[in-house]
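Asks: Sharing a structure below in C-alpha cells format, with a few things to ask.
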Amino acid sequence: MNAAAPIRVLIGKPGLDGHDRGAKVVAAALRDRGMEVIYTGLHRTPEQIVDAAEQEDVQVIGLSILSGSHMELLPRVRELLVERGLDHVLLIAGGIIPLEDARVLEEQGYARVFGPGTPTAEIVAFIEDHVRSRPRP
Amino acid sequence: MTAGQLRPETLPEDTRRILEGIEEGRRGALARAITWIENGDPRAAPLLDFLQPRTGQAWRTGITGPPGAGKSTLVDGLTRYWSEQGRKTALLAVDPSSPFSGGALLGDRVRLDRALEQTDVFVRSMANRGSLGGLALATGAAADLLDAFGFEEIVLETVGVGQAEVDIAAAADVTVVVLTPASGDGVQAMKAGLMEVGDVFVVNKADEGGAERLAAELEQMLALRQAQREPDEGPDRQLVPENPRILVASAREGRGIEALAGAIEETRREGMASGRVPALREQRALMRVRRLLAEGLRAAIWENRRLRRGVRKALARGEGPDAFARRLLQAIFNRLDPDEPEEPA
C-alpha cells in the first residue's frame with residue numbers, strides 16, 4: 001500500500017531573495033513524476049520551513065537559494081530538523097552556491113547540493129533513489 | 001468492539017507511539033497520523049477508533065468557490081483572525097492531483113503570509129488524489145484527528161470548484177462560498193449545486209469593482225428561493241441552509257474578515273438552536289458510513305472467494321444469477337442496523 005503512496009516533497013525559499021523560477025521549475029518536474037509537492041512561497045524563515053515540513057510530513061525538503069546567505073540559512077534548517085527529530089527527511093538544496101560551500105553543506109547533512117543548470121531529471125532520479133532507503137520512522 | 005473497551009496497551013506499537021505523541025500535543029505525531037489516513041495505512045484505523053470519543057469539540061468551517069476567487073487569501077485572513085482571538089486553529093487545504101501523473105502542486109502556503117507569521121496555525125495540504133466533489137477521501141478523518149488533537153477551529157478549503165462539487169456541505173458545520181464579480185451574473189448564481197449549500201456568501205475582490213451589484217443579485221436570488229420554500233421538505237429539510245448571509249470583502253486588503261467571522265458565528269448559533277448543526281453532523285457520519293460500505297462491498301464483491309462458491313451453489317440448484325443477487329442484497333439490507341433484530345424479508 002505504501003509503495004503506491006506519492007512521495008511528499010517540500011520546496012522552500014528561505015531568506016530574502018525574490019526569484020523563484022528555479023524552485024517552480026523543479027516543483028513542476030517533481031509533480032510530473034507523481035510526487036506531491038508543497039511549495040512554501042518566498043521569504044520563509046528556517047523556522048517556518050521546518051514547521052511546514054513537520055506539519056506536511058514530507059520525506060524530502062528541497063531548498064532553493066540565490067541570495068548568497070546560504071551559509072547562514074541552510075545550516076540552520078538542518079539544525080532545526082535534528083532538534084525536532086526530523087533528520088530522516090532527505091535534505092537537498094540548489095541555486096547559486098559555490099562548490100566549496102556545497103561540500104561543507106554536504107558534510108553537515110545535506111544529501112546533495114545541486115548547481116545551476118542541473119537537469120530536472122537528475123534531481124527526480126536522486127530523490128526517487130534516496131527516498132526508498134529512508135522510510136518514515 | 002465499542003470505544004469504551006479500547007485501551008492504549010491493546011494498540012499495535014507504532015499506533016501507540018503516535019497516539020502518545022498526539023496526547024503530548026506533538027504536531028509531528030499528528031502529521032504522521034494524517035499521512036497514514038491519506039495512504040490507507042492499516043495503522044490509522046485503531047488510532048481513529050481510539051480517538052473518536054474525543055471528537056465533536058471543534059467547529060468545522062468549509063470554504064469553497066471557483067478557482068481564483070481568493071479562497072486561500074480569505075482563509076489566510078480568517079485563520080489569522082481566529083488565532084489572534086486565542087482560538088486554536090487548523091487548516092486542511094485541498095488541491096487537485098494531476099489525472100496524468102498522480103502528482104500535485106500544493107500551493108496554499110504561498111498565500112498564507114499572515115496565518116504563518118507568528119501564529120501557531122496548523123496547516124496541512126492535501127492532494128485530492130482523484131476524488132471528485134472538492135475534497136480528498138481522507139479529509140473527513142483528518143479533520144476528526146485535528147478535532148481530537150484539541151483544535152477549536154478547523155477550516156476545510158476545497159479545490160477550486162465549478163457548480164456541482166458540494167461534498168463540503170456535509171463535511172462542515174458552516175459552508176462559506178467565495179465568489180468574485182468575475183464569477184458571472186445572477187443567472188450563473190441561480191444554477192443548482194454550489195449556490196444551494198452556502199450558509200455565507202462572500203463576494204470577494206471588492207477592490208476590483210462590481211461586487212455590490214453581484215451581492216444585490218445574490219440577495220434577490222436567495223430571497224426568491226426562501227419565498228418558494230415548501231413548509232415541509234421532508235427529513236432532509238434541516239440540511240438546507242436556513243438563512244444565508246451575503247458579505248462583500250477584499251481578502252487581499254484584509255477587509256471583511258471580521259464580518260465573515262461574525263457571520264459564521266451567527267450561523268452556528270442559529271444552527272445549534274434549530275437543530276441544523278446536529279443534523280449536519282449526523283449526515284456527515286451517514287455519508288462516511290455509506291462511502292466506507294460502498295468501498296468495502298466493492299472489495300468483497302471482487303475479491304471474495306465465498307461469492308464464487310455461493311454462485312456455484314445457486315447455479316447447481318437452478319437459482320439464476322438475478323434471483324441469487326436479489327437474495328444476497330436482501331440479506332445485506334437486513335443487516336444494515338446490526339444492533340436491531342433482523343427485519344422480515
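The values are calculated or read from the model by the stated rules, or taken from the named source; none is laboratory data. Values in this document were obtained by computation on a predicted structure and should not be read as measured data. Neighbour counts run over all protein chains shown; Cβ positions are idealised from the backbone, glycine included.
Asks: Identify the single condition in (1) in a loop (DSSP other than H, G, I, E, B); (2) within 14 Å of chain A (Cβ to nearest Cβ) that B:Ala31 does not satisfy, given that it satisfies every other one.
Replies: (1)
Asks: Looking at (1) in a loop (DSSP other than H, G, I, E, B); (2) in contact with a Leu (Cβ under 9 Å, 6 or more places away or on another chain); (3) under 29 Å from B:Val248 (Cβ atoms), which is the one condition that is false for B:Arg129?
Replies: The single condition B:Arg129 does not satisfy is (3).
Asks: What's the total number of residues in segment B:109-132 that are crowded, with 16+ Cβ neighbours inside 10 Å, more than 7 Å from chain A (Cβ to nearest Cβ) and small (Gly, Ala, Ser)?
Replies: Qualifying residue count, segment B:109-132: 2.
Asks: Still on this structure, please answer the following. Might you let me know whether segment B:51-60 holds any residue that is surrounded by fewer than 16 Cβ atoms within 10 Å (Cβ to Cβ), on the phi > 0 side of the Ramachandran plot and either in a helix (DSSP H, G or I) or touching a residue at least 12 places away in the same chain (Cβ under 8 Å) (or both)? Write out each step before concluding.
Replies: Quick first cut of segment B:51-60, residues surrounded by fewer than 16 Cβ atoms within 10 Å (Cβ to Cβ) only: B:52-53, B:56-57.
This time we only want the ones that are on the phi > 0 side of the Ramachandran plot, so: B:56.
Retained after the next criterion (residues that are either in a helix (DSSP H, G or I) or touching a residue at least 12 places away in the same chain (Cβ under 8 Å) (or both)): B:56.
Yes: segment B:51-60 contains one or more residues that are surrounded by fewer than 16 Cβ atoms within 10 Å (Cβ to Cβ), on the phi > 0 side of the Ramachandran plot and either in a helix (DSSP H, G or I) or touching a residue at least 12 places away in the same chain (Cβ under 8 Å) (or both).
Asks: For segment B:178-191, which residues satisfy the criterion of being assigned to a loop (DSSP other than H, G, I, E, B), surrounded by fewer than 19 Cβ atoms within 10 Å (Cβ to Cβ) and modelled with pLDDT of 60 or more? Explain how you work it out, then say what you get.
Replies: Step one: filter segment B:178-191 for residues assigned to a loop (DSSP other than H, G, I, E, B), giving B:180, B:184-185, B:191.
Now narrow it down to the ones that are surrounded by fewer than 19 Cβ atoms within 10 Å (Cβ to Cβ): B:184-185, B:191.
Once the filter is applied, which keeps residues that are assigned to a loop (DSSP other than H, G, I, E, B), surrounded by fewer than 19 Cβ atoms within 10 Å (Cβ to Cβ) and modelled with pLDDT of 60 or more, segment B:178-191 yields B:Gly184, B:Lys191.
Asks: Any idea which residue in segment A:45-65 is nearest to the other protein chains (Cβ to nearest Cβ), counting only those that are farther than 18 Å from A:Asp17 by Cβ and not in a helix (DSSP H, G or I)?
Replies: Filtering first and then ranking leaves A:Asp57.
Asks: If you take the residues in segment A:30-41 that are closer than 15 Å to B:Ser72 by Cβ and part of a loop (DSSP other than H, G, I, E, B), which one is nearest to the other protein chains (Cβ to nearest Cβ)? Spell out how you get there, then give the answer.
Replies: Step one: of segment A:30-41, the residues closer than 15 Å to B:Ser72 by Cβ are A:38-41.
Now restrict to residues that are part of a loop (DSSP other than H, G, I, E, B): A:40-41.
Values: A:Thr40: 5, A:Gly41: 3 Å.
By that ranking, first place goes to A:Gly41.
Asks: Counting only residues that are in a loop (DSSP other than H, G, I, E, B) and modelled with pLDDT of 95 or more, how many does segment A:66-83 have?
Replies: Our first condition is that a residue be in a loop (DSSP other than H, G, I, E, B); within segment A:66-83, this holds for A:66-69.
Next, from what is left, pick out any that are modelled with pLDDT of 95 or more: none.
Of the residues in that region, 0 qualify.
Asks: Then there is this: So which residues in segment B:42-84 are within 14 Å of chain A (Cβ to nearest Cβ) and over 28 Å from B:Val161 (Cα atoms), if there are any at all?
Replies: B:Pro42, B:Arg43, B:Ala44, B:Ala45
Asks: State whether the residues of segment B:263-270 include one that is of a type in the set (Lys, Arg), more than 30 Å from B:Asp144 (Cα to Cα), in contact with an Asp or Glu (Cβ under 9 Å, 6 or more places away or on another chain) and outside any loop (DSSP other than H, G, I, E, B). Walk me through how you get there before you give the answer.
Replies: As a first pass, look at segment B:263-270 and keep what is of a type in the set (Lys, Arg): B:268-269.
Filter again for more than 30 Å from B:Asp144 (Cα to Cα), leaving none.
Within segment B:263-270 (the criterion being of a type in the set (Lys, Arg), more than 30 Å from B:Asp144 (Cα to Cα), in contact with an Asp or Glu (Cβ under 9 Å, 6 or more places away or on another chain) and outside any loop (DSSP other than H, G, I, E, B)), the answer is no, since none of the residues qualifies.
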